[in-house]
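Data first, discussion second: the structure below is written as structure tokens.
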Ligand code: CS2
């Protein structure tokens, strides 16, 4: 048992001088942002930018965070007055920063009314979200609200005590509207294509299903700027808790592990006002789409490919995978030969430097980023990370063998049994259905066909493309015959 004191407002002053900490008066900070989904990613990203804004003297932007399910984050942070450490690590060492922007932590299912009241507070100008892809209750291939989703049906039946982020947002909009308060801005910080527009589409549809007028109000009055968010944030382990607490000389129940790199590109559309996040390094633009495509296709597309193939080849982390034979060549080939030509030109962005940085970030030896963690929720991720790129390649009449291998590796992984015959703990909203499909087939071609029938993932267009079917089937057959490690070393430039 540890005998050190807990990190808190009172113990802050005992931190070693090397640890950056909030130097502003936290008691003067008022709530300006409600963030839905206060997981590790939010705490390593938006909360850090906002901490800088508060340190610059604008105390209107305290973050009230809400977890939509579990009590873990609140249980860890509340005894620490919301303080926690961000540890940025690479081969050169570690920098610790205690972040103070989280001023309250709520657990939505414990008291939905309290969260709704907070969202309706006129001082709150921004509702931001990191609820992961599946939190949007939409079809990943079409971007439309999934009206049959159990949480959506629940929230339509009981709008005053919602479960989903979408239900909370629309009820809060309705309450502010009834009270004549200015509407807030909705800020999606998830890895979805056109995340702001996708959010707007699902909330507008949900509001319409509640009542026509409310639907028009959301469509006309609620700004939903899109954002591109980037920072690699592996899950915290008990060993991380111990080493960080030791460096602090105080116990931090939930430090966040990350890399030094951080990027945030945001569309500047905040009618109710916003924090000066540019002071913390964010970039404001009029259209985020090209940045988002670049990041989703190069970073996330490579990440998912590394995760499925790396896991199947027996590697625990992304950096282990990157140092195994063939993987770095495969990933740089995927980025240079198959993804880059699908990206629009971005003035001021040097794509070669971006890709070189990505290779270094994936290889960061200090980040133990598990392939299993990235492999989660593939059905929600594959469309924007790999399939849309493949669509563009098909349109251009260009080859896409490496992208097809990434898709095949996902199918192989999601079928639920690894190369040694052991069960894979597949975490995905469709896990059970995918497992059943895999069990009912006998050949790679049948397995691929069974997956192609998932319209929410592949849409109706891709399964009709013979070129697509053949490329994925061939890669899947090879993976099942030779295994992932050997397949990776055999992929050559087409
Ligand atoms: C990762 C991302 O878990 C995953 O699916 O690909 O979380 C990735 O680390 C971030 O998008 C980096 O910004």
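Taken together, the values in this text are just the output of simple stated rules run on the coordinates, not laboratory data. Note that the structure is a prediction, hence the values are computed from the model and not measured. When we count neighbours, we look across all protein chains shown, and the Cβ atoms used for this are built from the backbone with ideal geometry, even at glycine.
Between residue 486 and residue 440, what is the label-point separation in nm under the 7 Å Cα-to-beta-carbon projection?
3.1
What FRET efficiency do you get for residue 467 and residue 423 if R0 is 35 Å and r is their Cβ-Cβ distance, rounded to the nearest 0.05?
0.55
For the chain, what does the relative contact order come out to in percent, with C-alpha contacts under 8 Å and a separation of six or more?
15
What translational D, rounded to a whole number of µm²/s, comes out for the range 342-429 from Stokes-Einstein when the hydrodynamic radius is the Kirkwood one over Cα pairs, at 25 °C and 0.890 mPa s?
158
More than 32 Å apart: what percent of Cα pairs in the range 12-286 qualify?
Summing the P(r) tail past 32 Å for the range 12-286 gives 21 percent.
Using Cα centres only, tell me the gap between the range 154-229 and the range 110-147 in whole Å.
For the range 154-229 versus the range 110-147, the Cα centre distance is 7 Å.
With Rg and the Kirkwood Rh both taken from Cα atoms, where does Rg over Rh land for the range 87-156?
1.11
Run the helix sum for the chain: -39,500 (n - 2.57) per DSSP H stretch of 4+ residues, divided by residue count, reported at 222 nm to the nearest 500 deg cm²/dmol.
The per-residue figure over the chain is -12000 deg cm²/dmol.
Looking at the chain, I'd like the Rg to Rh ratio, where Rg is from alpha-carbon atoms and Rh is Kirkwood's inverse mean 1/r.
Result for the chain is an Rg/Rh of 0.96.
Report the antiparallel proportion of the DSSP beta bridges in the chain as a percent, rounded to a multiple of 5.
35
I'd like to know how the range 272-418 sits against the 2.2 N^0.38 Å rule of thumb: what's its Cα Rg over that expected value?
The value comes to 1.10.
Express in nm, to one decimal, how much length is gained between residue 261 and residue 95 on full extension, taking 0.36 nm for each residue of separation and deducting their alpha carbon distance.
58.6 nm
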